[in-house]
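Peer 1: One structure, as C-alpha cells, below. Some questions next.
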Amino acid sequence: MAGINAVKAADFDKALQIGRPPNVVKLFPNSKALIVSGKFIDIAMLAKGNAITMAANGRNSFVIRGALKAAQRANAALIIEIAKSEGGANAYCAVNYWNIARIVDATCNELGITIPVAVHADHYGLKSEQDVAAAKTEIPSIFEAGLTSIAIDASHMPDDKNLLANLELNSFIPPWAGLETEVGEIKGKEGLSTVGEASFLIQGLNAHGIFPNWIALNNGTTHGIEASDKGIQIDLTAQIHEALTKYKVSGAQHGTSGNNSDRLREIAAKTRTTKANVATALQMISWGLEVNDYGNAQLDDKGNFIKVKDQGVTEAVWSEMVSYAQEQGWQGGNYKKLNLPFENKLLGQPADIRNRMASRVEDFIYNMLVNVLNTSDTAPLAVAAILDAGSYDADPKADRIEDPAEWTPEKIVARAAGIESNKGPEGDFDD
C-alpha cells in the first residue's frame, strides 16, 4: 500500500529548509512546497530500483492539480513539465515555461502537498544555430521563473551539432539543475536511435564534465495519439542503456501515452529508465474523453473522440470545443491546440466540474504510479537524498572518464562522420 512510509514531518521541514534551489527560494520565500532539483527525483527512482516517476505534462491546470494529488496519495516523487512546443514562445497551452512553477507552487500550498516535485522544461528544442543563440537568453529566463530541470533537445540536428549545442549551452544551466539530453527525434519506428549515437553524445558530454541525469532516445514511440501497437522497443532501449552503464545516465521515456501497462512495467524492470513523459493522455482524460487502460483516446466509427457523459468538462463546453476545432480544421492530435483558447473557459466552470476534471487525472496517474511504474513510496527516498546531500544540489552520479583532448570541436565533427545511423524521414516531430 502506498503511503505507509510517509515523509516524517521533521525530515520534510529540514528538506524544505535546505532542499529548495535558490531561484525557488527567491520566488516563493514563504512557501511550503518542496520544489526541488530534478536530480533528486532521479536519485529516488534509482534508490528504489526498477522505478519510474511520471513526468506529467501540465498542458492545463487541471492536469497539474490531479498529478500532484495522485503523487501525494502514492507517496511518490514527481515531475511536472511543459515542453517548448506546448509552453514556449509559440505556445499552444496557457501553462508555459514562465508560469508553470508558480502554478505548481500555489497548488502545492493550497492542497498541502508534501511530496518532492521537480518542475521541468521538457523538449527545449533546438533546430538551428539561430535557436542556440536565442537559447542563451531564454534558458536563464526559464530558471528565473522557477524551473528546476531542463531537457536540451538538439536531436533535430546532426550528431555533431547536437553535441556541440549541448556543450555551448551548458554554462547557461544552473549546475544544481536536473539535466536531460536527447538523441534521435521521436518518430515512432522510423529513425531509431543506435548505441553509436547515444554513446557519442554521452561520451562527448562526459569529456567536458557534463553528466546528464537522463538521456531520451527514439526507441519506437511517437508523441500524441499512438495508432501503432509497436510502441517502446524494449530490447533496443536495454541495449543502449547497457552500453552507457559506466556513465551512470538514466533513461527518459517519451511517448509513454501510446504504450500499454505491461510494456511500461517491462521498461521499468529491464532498463535504467527513471522518467516517463505523459502528455496527451492526461489532457484527454481531464476533458472527459473515453480512453483505454493506458490513456489512449478512443474514437467512434466516424473517427471522432468519445465524450463520457458527466465526466470532465460539461457537455456544453465540449460541444463548443468540438465546433471550434472543426472551424480550425483540427483533428486527432491537433485537438491539443484547444488548450490555449479554452483554458479560461474551463477555469470558469462550476467547482464540481473543475474538481471532477482534476480527479479523473488523479485516479489515472495514481494507478500508473502505484500499479505500473513502481513509483509509490519514493517521496521519502528523495527527501533522504536531500538530507544526505545537505543541500539543494546533489553530487554528479558519474565521474569524468573521457579525455577532453579527444573531444575538441574539430574531433567531434570528425568522430560524428563515422557514426552509422538512419535518422528517418524529414518532418516536424514536435508535440
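Peer 1: Those residues that are farther than 23 Å from Ala268 by Cβ and not in a loop (DSSP other than H, G, I, E, B), I need them from region 42-66; list them, please.
Peer 2: Ser61, Phe62, Ile64, Arg65
Peer 1: From the list Lys136, Lys127, which residue is basic (Lys, Arg), in contact with a Phe, Trp or Tyr (Cβ under 8 Å, 6 or more places away or on another chain) and within 18 Å of Lys84 (Cβ to Cβ)?
Peer 2: The match here is Lys136.
Peer 1: Would you point out which residue out of Asn5, Asn57, Asn23 is touching an Asp or Glu at 6+ places or on another chain (Cβ under 6 Å) and buried (at least 20 other Cβ atoms within 10 Å of the Cβ)?
Peer 2: Every option except Asn57 fails the conditions.
Peer 1: Please specify each residue of region 268-290 satisfying the condition of being hydrophobic (A, V, I, L, M, F, W, C) and in contact with a helix residue (DSSP H, G or I) (Cβ under 6 Å, 6 or more places away or on another chain).
Peer 2: Ala276, Val278, Ala281, Leu282, Ile285
Peer 1: In addition: Identify, by number, the condition in (1) crowded, with 24+ Cβ neighbours inside 10 Å; (2) of a type outside the set (Asp, Glu); (3) without any contact (Cβ under 8 Å) to a residue 12 or more places away in the chain that Asn30 doesn't meet.
Peer 2: Here Asn30 clears every test but (1).
Each row is one residue, and each column tells you yes or no for (1) part of a loop (DSSP other than H, G, I, E, B); (2) touching a Phe, Trp or Tyr at 6+ places or on another chain (Cβ under 9 Å); (3) modelled with pLDDT of 95 or more.
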{"residue": "Trp176", "(1), (2), (3)": "yes, yes, yes"}
{"residue": "Leu192", "(1), (2), (3)": "yes, no, no"}
{"residue": "Ile202", "(1), (2), (3)": "no, yes, yes"}
{"residue": "Asn206", "(1), (2), (3)": "no, yes, yes"}
{"residue": "Pro212", "(1), (2), (3)": "yes, yes, yes"}
{"residue": "Asn219", "(1), (2), (3)": "yes, no, no"}
{"residue": "Gly224", "(1), (2), (3)": "yes, no, no"}
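Peer 1: Which condition number in (1) aliphatic (A, V, I, L, M); (2) over 30 Å from Ile52 (Cα atoms); (3) without any contact (Cβ under 8 Å) to a residue 60 or more places away in the chain is the one that Leu346 fails?
Peer 2: (3)
Peer 1: Restricted to region 290-309, and to residues that are surrounded by 17 or more Cβ atoms within 10 Å (Cβ to Cβ) and among the hydrophobic types (A, V, I, L, M, F, W, C), which residue is nearest to Asn371 (Cα to Cα)?
Peer 2: Val291
Peer 1: Just the residues that are touching a residue at least 24 places away in the same chain (Cβ under 8 Å) and either buried (at least 21 other Cβ atoms within 10 Å of the Cβ) or touching a Leu at 6+ places or on another chain (Cβ under 9 Å) (or both), please, taken from region 315-326.
Peer 2: Val317, Trp318, Met321
Peer 1: Within region 352-393, how many residues are closer than 30 Å to Asn260 by Cα and either of a type in the set (A, V, I, L, M, F, W, C) or within 23 Å of the chain's Cα centre (by Cα) (or both)?
Peer 2: Counting residues in region 352-393 that are closer than 30 Å to Asn260 by Cα and either of a type in the set (A, V, I, L, M, F, W, C) or within 23 Å of the chain's Cα centre (by Cα) (or both) gives 27.
Peer 1: On to the next question. Among Gly348, Gly329, Gly312, which is the only one that is buried (at least 23 other Cβ atoms within 10 Å of the Cβ) and modelled with pLDDT of 95 or more?
Peer 2: Criteria check complete, one pass: Gly312.
Peer 1: Of the numbered conditions (1) touching a helix residue (DSSP H, G or I) at 6+ places or on another chain (Cβ under 7 Å); (2) within 20 Å of Ile64 (Cα to Cα), Ala135 satisfies every one except a single condition; which is it?
Peer 2: (2)
Peer 1: Which residue is nearest to Phe211 (Cα to Cα), if the candidates are limited to region 230-253 and must be surrounded by fewer than 16 Cβ atoms within 10 Å (Cβ to Cβ) and modelled with pLDDT under 95?
Peer 2: Per the criteria, the residue is Asp235.
Peer 1: Let me ask another. Quick one: Asp310 ticks every box in (1) closer than 17 Å to Phe62 by Cα; (2) of a type outside the set (S, T, N, Q); (3) within 17 Å of the chain's Cα centre (by Cα) bar one, so which box is it?
Peer 2: (3)
Peer 1: Quick check, is Lys8 within 21 Å of Ala70 (Cα to Cα) and more than 24 Å from the chain's Cα centre (by Cα)?
Peer 2: yes
Peer 1: For region 130-150, give me each residue that is over 24 Å from Pro29 (Cβ atoms) and either acidic (Asp, Glu) or touching a residue at least 24 places away in the same chain (Cβ under 8 Å) (or both).
Peer 2: Asp131, Val132, Ala135, Lys136, Glu138
Peer 1: Restricting the search to region 161-171, which residues are within 19 Å of Gly209 (Cβ to Cβ) and either crowded, with 24+ Cβ neighbours inside 10 Å or more than 20 Å from the chain's Cα centre (by Cα) (or both)?
Peer 2: Matches in region 161-171: Asn162, Leu163, Leu164, Ala165, Asn166, Leu167, Glu168, Ser171.
Peer 1: Continuing with the same structure: Within region 71-83, can one find any residue that is over 21 Å from Gln253 (Cβ atoms) and either free of Cβ contacts under 8 Å to residues at least 60 places away in the same chain or among the basic types (Lys, Arg) (or both)?
Peer 2: yes
Peer 1: Are any residues in region 40-74 under 28 Å from Tyr92 (Cα atoms), within 15 Å of the chain's Cα centre (by Cα) and not aliphatic (A, V, I, L, M), and if so, which ones?
Peer 2: Thr53, Asn57, Gly58, Arg59, Asn60 - these are the residues of region 40-74 that are under 28 Å from Tyr92 (Cα atoms), within 15 Å of the chain's Cα centre (by Cα) and not aliphatic (A, V, I, L, M).
Peer 1: If we scan region 396-408, do we find a residue that is surrounded by fewer than 22 Cβ atoms within 10 Å (Cβ to Cβ), at negative phi, outside any loop (DSSP other than H, G, I, E, B) and in contact (Cβ under 8 Å) with a residue 40 or more places away in the chain?
Peer 2: yes
The values are calculated or read from the model by the stated rules, or taken from the named source; none is laboratory data. Keep in mind that what you see is a predicted model, and the values were worked out from it rather than measured. Glycine gets a Cβ as well: all are built from the backbone with ideal geometry, and neighbour counts include every protein chain shown.
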